[in-house]
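Beneath this line is the structure, given in structure tokens, with notes to follow.
The values are calculated or read from the model by the stated rules, or taken from the named source; none is laboratory data. Quick caveat, the model's predicted, so the values are computed rather than measured. Every residue, glycine among them, receives a Cβ derived from its backbone with ideal geometry; neighbour counts consider all protein chains shown.
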């Protein structure tokens, strides 16, 4: 009996482990597919971090992954100028503009709302890290339906080994990184690019490929 039970037990164990590994649910793209947006208006991100550069630094790298994923993205300079001509100077005001008004001005299929939650470098005794975290929500401009939403983060410390150089090495590295950050070589732009790519590129549970991409309609 034991010889028969052993393979059965192993099979059950594999199934249980496979079930535990598959914890992330697939995103529901029903509304996205119904809307089928071809053009996206990216609004200046809200800045929930203490760094005043966060909003427009992140905006400067937000349109690229969307364009690469197959969408027409309204040029940042054109959008910024249009808002200024209408007396809207900061992201918090712009995010309050109705979808109907945005549709009248730009005629986009969808509007992307971004919020930067963390941005910039921090110094913590033996480490200095530049981290950028952002969330985004894509809305159908006609119906207001949420087509997709997500969040992402990136850090310039992701690939560093904490054991190299000992305690003194860590201290020196942290101080050098902090000094470079203070004197105009802030890595936040590079880290923002990584966060933006993770957040806004077409991938599993991310946005779908747009009509300008050869991958359009494949999932």
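Any chance you could count how many residues in segment 83-102 are buried (at least 16 other Cβ atoms within 10 Å of the Cβ) and over 19 Å from the mean Cα position of the chain (by Cα)?
Taking segment 83-102 and keeping what is buried (at least 16 other Cβ atoms within 10 Å of the Cβ), we get 83, 88, 91, 94-95, 99, 102.
Next cut, over 19 Å from the mean Cα position of the chain (by Cα) only: 83, 88, 94, 99, 102.
So the count comes out to 5.
Does residue 132 satisfy the criteria of being at pLDDT below 95, in a strand (DSSP E or B) and under 19 Å from residue 52 (Cα atoms)? Steps first, please.
Details: at pLDDT below 95: yes; in a strand (DSSP E or B): yes; under 19 Å from residue 52 (Cα atoms): yes.
Yes: the conditions hold for residue 132.
So residue 151 clears everything in (1) in a loop (DSSP other than H, G, I, E, B); (2) closer than 30 Å to residue 217 by Cβ except one condition, right? Which one?
(1)
Taking segment 74-95 as the region of interest, how many residues are in a loop (DSSP other than H, G, I, E, B), farther than 18 Å from residue 140 by Cβ and modelled with pLDDT of 95 or more?
Final tally of qualifying residues: 1.
Within the group 49, 69, which residue is within 15 Å of residue 110 (Cα to Cα) and either buried (at least 20 other Cβ atoms within 10 Å of the Cβ) or touching a residue at least 24 places away in the same chain (Cβ under 8 Å) (or both)? Break it down stepwise before answering.
Values: 49 fails: within 15 Å of residue 110 (Cα to Cα).
Of the residues listed, the single one that is within 15 Å of residue 110 (Cα to Cα) and either buried (at least 20 other Cβ atoms within 10 Å of the Cβ) or touching a residue at least 24 places away in the same chain (Cβ under 8 Å) (or both) is 69.
Among 138, 41, 112, 59, which is the only one that is modelled with pLDDT of 95 or more, part of a helix (DSSP H, G or I) and in contact with a strand residue (DSSP E or B) (Cβ under 9 Å, 6 or more places away or on another chain)?
Numbers: 138 fails: part of a helix (DSSP H, G or I); 41 fails: part of a helix (DSSP H, G or I); 112 fails: part of a helix (DSSP H, G or I).
After applying the criteria, what remains is 59.
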